[in-house]
Structures are given as C-alpha cells and as structure tokens.
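Student: Here you go, one structure.
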Amino acid sequence: MFKPDRHHIIIAVKTLVIQALLFCSILFVVWGSQKLYGLIDQTRFPTPYQVTVTEGMTDEQKGKELIDALTARMQYELHSTFGWSANDILFNPYVLDNRAYRQFGTYYATKTLLDHYSTVIAKLGSSDRENQSLYDARVNDFTFGPKRWGYFFVPSAESAYKRGLKRVEKYKQELDEGKAVYNCRTDDIYSAFNLILGESIFGHALGLLENSQNLPFYTLDNRIYEAQGIMLVVRDYVKALYDLYPEIAAKNNEANMKEAMKYLDRICDYDPLYITSSFNSGELIISYMLFARNRLSDIRDSIRI
C-alpha cells in the first residue's frame, strides 16, 4: 500500500493552494469586470423616479408628472450608454443580453400602461375622443417590436419610440394650452391598479419565471431581467400615483406602500454575479413580486372603500 511521505504531502498542498488561488483570481476578475461595466452602464436601480409634488397642483400639472413617471424608464433606456441595444447588431441581445431583456420588459410595461393612460385617464369619459398625440404614439410608434431594425423608409424601434416620446411631450404642451384632457378620478386610479396587478403586467412578469427551476441558466437569466424591466416601470408609476394623490395614503396605506416599495426596490436593484436555477434563482424574484403584489392589492382594495 502506498504511503505518502512528507514530500508528496507538500506537493498536494501546493497544488490545492494554487487551484484555490486560481479559482479566487477568476472570481475576482469576473466580479471586477461586472463592477467596471456597472460604472460604464448602470445595472442597478435602487431608487424610483420622483415626481414633483407642490401644494395646490392643478390636474394638468398632475397629468404631466404622471406621464413623465410612466415614460421615465423608456427615456432612460433610449438615452443610456449603449442606447436601445435590443435591436443592435453590435450591442445585441446575445452580447449584452441582460440590458436587452431589461429593455424588452421596459417596453412591454410602458406600452401597456400608456394604452390605459391614453384611453382612460386622458379622456372625459368612455365616449370622449382620445387625444390625437397619445393615440399616434401608442398606435403608430409603440407598436414597433423592440427588435425591429430600420430600413429604407421604415424606422427602427429606437427611432419609433423616440418619435412616440416626442408625441407625449406634445400632449404635455397641449395640457398647458388647454387643448388636451387629464381626468384621473378615483375609479381610474383603481382601474390602473387593477391593470398592474392583473394578468397583463404582474401576471405576465410572473409567467416569465414559471418553472424557473427547470430552465437553463441562460434562459432564466434573460427572463429575470425582462421581469425586472417590467417592475422598473411599475415601481415608478405606482409611486407617482401614490405621491400625486395623498388620499391613497390617507386610507392607512403608508405601511402597505413602504413594504411594496421595499420589494420592488429589491427587484430593481437585483444584479448578482451569476444566476442558476438553484442559486440567485427565479424563485427569489417571484417571492419579491408576490410580496409586492399582495401589498399593492391591499392599497387597491382600500381605494374602493
């Protein structure tokens, strides 16, 4: 039977030390690369968009602040370091996949909430005519898929979205001139919460992570960041509604809002070193979304009391 002597033990220990140092070096390089990239292109978003609230605000001023909160994430993504990379040849979904899928989620949530704002909030009633600027933005500009390339006379997704945001700015100008409508009633706030908490937004985000433990890491990674993009828009919009309409807080919702924002902040600040089906998995993000949804549901229910 082989009996290792002192020389063999020293060699084995040195080998293990070298392997450990090599592993730690690789982790350090990966961690350092991620931190360096974060300095170039932001990957964590710990704080939501903040609306400006003043005493005696007019409805028109509230309307401008609310739609700014709705479109803040699209504005950010379109003017970020690498722009709209979801349809780029160089910075494409396969190279910078995390930011690309975050942009997919941002687009989806922005489009869904803009439809509601334009068809419900920016009208005097169900039979009132929709504002033309918002109509053109949501029907002509935001209908372009996020991967759409531009060619000949057909604009790219990025160009279409920027044009849509210019139409939103035109709507804000029309509010100042008295040529547009902002009519956000209690029923409309309740309707907005219903949309957010229903199948179209929270349901869609949770569905992305269905059976997350069975997904390969590269698919799970993309879906987590797409869900994050949705929640980034939700966080800004819900907080804007809460801040602009103090009657929501007046119904004993301060604790509910604080808890909801805590979990939404965790989702929006989520950017681990690596993701697997068992570690930093989709189950964690699902739990955050469920906790946030439950608290937001309590807020929604209180609005009708």
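Student: Figure the gain on full extension for Thr143 and Asp187 (residue separation times 0.36 nm, minus the Cα-Cα span) and round it to one decimal in nm. Numbers along the way, then the final one.
Tutor: Working: separation 44, 0.36 × 44 = 15.84 nm, distance 2.72 nm.
Once the chain is fully extended between Thr143 and Asp187, it gains 13.1 nm.
Student: I need the phi-derived Karplus couplings for the range 234-245: 6.51 cos²θ - 1.76 cosθ + 1.60, θ = phi - 60°, integer Hz, Gly and Pro marked x.
Tutor: 4, 4, 4, 6, 5, 5, 5, 4, 5, 6, 6, 10
Student: Quantify, in whole percent, the carbon and sulfur part of the accessible surface of the range 119-174 (1.4 Å probe; protein heavy atoms only).
Tutor: Using a 1.4 Å probe with all protein chains present, the range 119-174 comes out at 54 percent carbon and sulfur.
Student: Same structure, new question: Using a probe of 1.4 angstrom, how much of the accessible area of the range 191-287 is carbon and sulfur, in percent?
Tutor: Carbon and sulfur atoms account for 50 percent of the accessible area of the range 191-287.
Student: Under a 1.4 Å probe, what is the accessible area of the range 106-254 per residue, stated in Å²?
Tutor: Ligands and nucleic acids excluded, the figure is 45 Å² per residue.
Student: For the range 160-305, report the translational diffusion coefficient in µm²/s to the nearest whole number, using Stokes-Einstein at 37 °C, 0.692 mPa s, and a Kirkwood Rh over Cα pairs.
Tutor: Taking Rh from Cα pairs, D becomes 195 µm²/s.
Student: Students often get this wrong, so check it: of Lys111/Lys170; Lys179/Lys251; Lys123/Lys258; Lys64/Lys111; Lys64/Lys239; Lys111/Lys166, which have C-alpha atoms separated by over 25 Å?
Tutor: Cα-Cα > 25 Å for Lys179/Lys251; Lys123/Lys258; rest within.
Student: Using r as the Cβ-Cβ distance of Asp128 and Gln50, and R0 as 51 Å, what FRET efficiency do you calculate, to the nearest 0.05?
Tutor: Computed FRET efficiency for Asp128 and Gln50 comes out at 0.95.
Student: Among Ala100, Ser133, Leu113, which residue has its Cα furthest toward the positive end of the charge dipole of the range 97-156, with +1 on Lys/Arg Cβ and -1 on Asp/Glu Cβ?
Tutor: Value computed over the given set: Ala100.
The values are calculated or read from the model by the stated rules, or taken from the named source; none is laboratory data. The model shown is predicted, which means the values in this text are computed figures rather than measured ones. Note that each Cβ is placed from the backbone with ideal geometry, even for glycine, and that neighbours are counted across all protein chains shown. We work out accessible area using only protein heavy atoms, side chains counted, and drop any ligands, DNA or RNA first. Shrake-Rupley method; radii C 1.70, N 1.55, O 1.52, S 1.80 Å.
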